[in-house]
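See below for the structure under consideration.
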Amino acid sequence: MPRRKFKQFSILPGFGLTLGYTTFYLSLLVLIPLAGLFLRAGRDGWEPFWKAVTDPRVIASYKLSFGASAIGALINAFFGFIVAWTLVRYNFWGKRLLDACVDLPFALPTAVSGIALTAIYAPTGWVGSYLNLWNKSDTRLWLDKDVWGPAYQWLLAAPVLNWLTVALPSDLIIKAAFSPLGVTIALTFIGLPFVVRTLQPALQDLDVEIEEAAASLGATRVQTFFRVIVPTLLPALLTGFALAFARAVGEYGSVVFISGNMPMKTEIAPLLIITKLEQYDYTGATAIAAVMLAASFVLLLIINLLQWWSSHRYREIA
């Protein structure tokens, strides 16, 4: 008598039903709206579309949006790794509070974070006032007795500060708010949680015994880090980078205040889309949005391919 094959138990319904529901849900929320965007962008023909997306003002907004997003994601990849490592590997007083602070960019409305960053980095803000002091004075002001008071002698003996006063030009202007630097700061602020929260589970799964085994085989700390830890965490790090980058490209609320919105200088692409909509230029708005979507998709596809390659390569080595 042939052995009876029992059907594999599953909590959800069968594959056909769940796949159909998944496809319907994804199409309704993502695919159909995106398809409508491309159809609306090309409805008036190729010439108006090309004219809208190649305008010098639009190209400048592309450069700022993608450039600042990439820089912010790279900064978050570096410092987010350090934050995640500290939260996973060490126990210290205030750890829970620091861990909760990482999620603040998630909880804060983007407009609130934009106002807060502008207040801090504006010329009259906590950080901006010191930058304004630098911009209005010679670099030798760093060693001015009237500015630093009792700390003057210590500063005078600090070789790094002495080197800075010689190496940096006296007319160096550092402007945070209402500049591309301010846009980068805002995009870095909102992207940090993506990297930290992506790396934390990977770090928790990374067994400390692997590092001890590498040390027992004669590997130094640097070799252990780059040959054992980095290959293991690279897929998660690339995922966090991709999420931070994707979040930053479409950011509007936290950037619109600190950027200053100067055309050709500090105007981001999402703001330009809103401007086009307010002017009833729907063709221009949808054209810019379509280019942003296509470019973001290509960049994320490349990042995902790199993530797949790194994880596949690590499995082969392991």
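Looking only at the stretch 39-84, filter to residues that are surrounded by 16 or more Cβ atoms within 10 Å (Cβ to Cβ), closer than 30 Å to residue 201 by Cα and aliphatic (A, V, I, L, M); which one of those is nearest to the chain's Cα centre (by Cα)?
For the stretch 39-84, the residue satisfying everything is 73.
Scanning the stretch 250-261 for residues that are among the β-branched types (Val, Ile, Thr) and assigned to a helix (DSSP H, G or I), which turns out surrounded by the fewest Cβ atoms within 10 Å (Cβ to Cβ)? Break it down into steps so the answer makes sense when it comes.
Here is the first cut: in the stretch 250-261, the residues among the β-branched types (Val, Ile, Thr) are 255-256, 258.
From the residues that got through so far, the ones that are assigned to a helix (DSSP H, G or I) too are 255-256.
Details: 255: 30, 256: 21.
Looking at residues that are among the β-branched types (Val, Ile, Thr) and assigned to a helix (DSSP H, G or I), I get 256.
From the list 198, 232, exactly one residue is touching a Ser or Thr at 6+ places or on another chain (Cβ under 6 Å), in a helix (DSSP H, G or I) and at pLDDT 80 or above. Which is it?
Details: 232 fails: touching a Ser or Thr at 6+ places or on another chain (Cβ under 6 Å).
Matching residue, one of 198, 232: 198.
Report, ordered by the first and then the second residue, all pairs with beta carbons closer than 8 Å, sequence separation of six or more or different chains, a first member in the stretch 272-285 that is at pLDDT 85 or above, and a second member that is among the aromatic types (Phe, Trp, Tyr).
Pairs found: 274/252; 276/282.
Would you mention how many residues in the stretch 85-110 are more than 23 Å from the chain's Cα centre (by Cα) and either under 24 Å from residue 258 (Cβ atoms) or not aromatic (Phe, Trp, Tyr) (or both)? Let's see the steps before the verdict.
Filtering the stretch 85-110 down to residues more than 23 Å from the chain's Cα centre (by Cα) leaves 89-96.
Restricting the remaining residues to those that are either under 24 Å from residue 258 (Cβ atoms) or not aromatic (Phe, Trp, Tyr) (or both) gives 89, 91, 94-96.
Counting residues in the stretch 85-110 that are more than 23 Å from the chain's Cα centre (by Cα) and either under 24 Å from residue 258 (Cβ atoms) or not aromatic (Phe, Trp, Tyr) (or both) gives 5.
Within the bounds of the stretch 166-176, is there any residue that is within 19 Å of the chain's Cα centre (by Cα), at pLDDT 60 or above and hydrophobic (A, V, I, L, M, F, W, C)?
To start, the set of residues in the stretch 166-176 that are within 19 Å of the chain's Cα centre (by Cα) comprises 176.
Now restrict to residues that are at pLDDT 60 or above: 176.
Filter once more, keeping what is hydrophobic (A, V, I, L, M, F, W, C): 176.
Yes, the stretch 166-176 has at least one match.
Going by the conditions given, is residue 247 assigned to a helix (DSSP H, G or I) and either more than 29 Å from residue 63 (Cβ to Cβ) or more than 16 Å from the chain's Cα centre (by Cα) (or both)? Before the answer, list the steps.
Details: assigned to a helix (DSSP H, G or I): yes; either more than 29 Å from residue 63 (Cβ to Cβ) or more than 16 Å from the chain's Cα centre (by Cα) (or both): no.
Spelling it out, it is not the case that residue 247 is assigned to a helix (DSSP H, G or I) and either more than 29 Å from residue 63 (Cβ to Cβ) or more than 16 Å from the chain's Cα centre (by Cα) (or both).
Do you know which of the residues in the stretch 69-114 that are of a type in the set (S, T, N, Q) and modelled with pLDDT of 90 or more is farthest from residue 230 (Cα to Cα)?
Initial filter on the stretch 69-114 (of a type in the set (S, T, N, Q)): 69, 76, 86, 91, 110, 113.
When the remaining residues are screened for being modelled with pLDDT of 90 or more, the result is 69, 76, 86.
Working: 69: 23, 76: 16, 86: 16 Å.
The extreme case among them is 69.
Residue under question is residue 226, and the condition is that it be within 18 Å of residue 187 (Cβ to Cβ), in a helix (DSSP H, G or I) and of a type in the set (A, V, I, L, M, F, W, C); does it hold?
Values: within 18 Å of residue 187 (Cβ to Cβ): no; in a helix (DSSP H, G or I): yes; of a type in the set (A, V, I, L, M, F, W, C): yes.
Against the criterion (within 18 Å of residue 187 (Cβ to Cβ), in a helix (DSSP H, G or I) and of a type in the set (A, V, I, L, M, F, W, C)), residue 226 does not qualify.
Looking at (1) within 30 Å of residue 45 (Cβ to Cβ); (2) surrounded by 20 or more Cβ atoms within 10 Å (Cβ to Cβ), find the lone condition where residue 242 falls short.
(1)
Would you pick out the residues in the stretch 201-213 that are over 22 Å from residue 80 (Cβ atoms) and modelled with pLDDT of 80 or more? Let's see the steps before the verdict.
Residues of the stretch 201-213 over 22 Å from residue 80 (Cβ atoms): 209, 212-213.
Matches in the stretch 201-213: 213 only.
Could you tell me whether any residue of the stretch 96-110 is out of contact with any Pro (no Cβ under 6 Å at 6 or more places or on another chain) and either on the phi > 0 side of the Ramachandran plot or among the β-branched types (Val, Ile, Thr) (or both)?
Start the filter on the stretch 96-110 by keeping residues that are out of contact with any Pro (no Cβ under 6 Å at 6 or more places or on another chain), which leaves 96-101, 104, 107-110.
With the extra rule that they be either on the phi > 0 side of the Ramachandran plot or among the β-branched types (Val, Ile, Thr) (or both), the set shrinks to 110.
Within the stretch 96-110, one or more residues are out of contact with any Pro (no Cβ under 6 Å at 6 or more places or on another chain) and either on the phi > 0 side of the Ramachandran plot or among the β-branched types (Val, Ile, Thr) (or both).
The values are calculated or read from the model by the stated rules, or taken from the named source; none is laboratory data. Note that this is a predicted model, so its numbers are computed, not measured. Here Cβ is always computed from backbone atoms with ideal geometry, including for glycine, and neighbour counts include all displayed protein chains.
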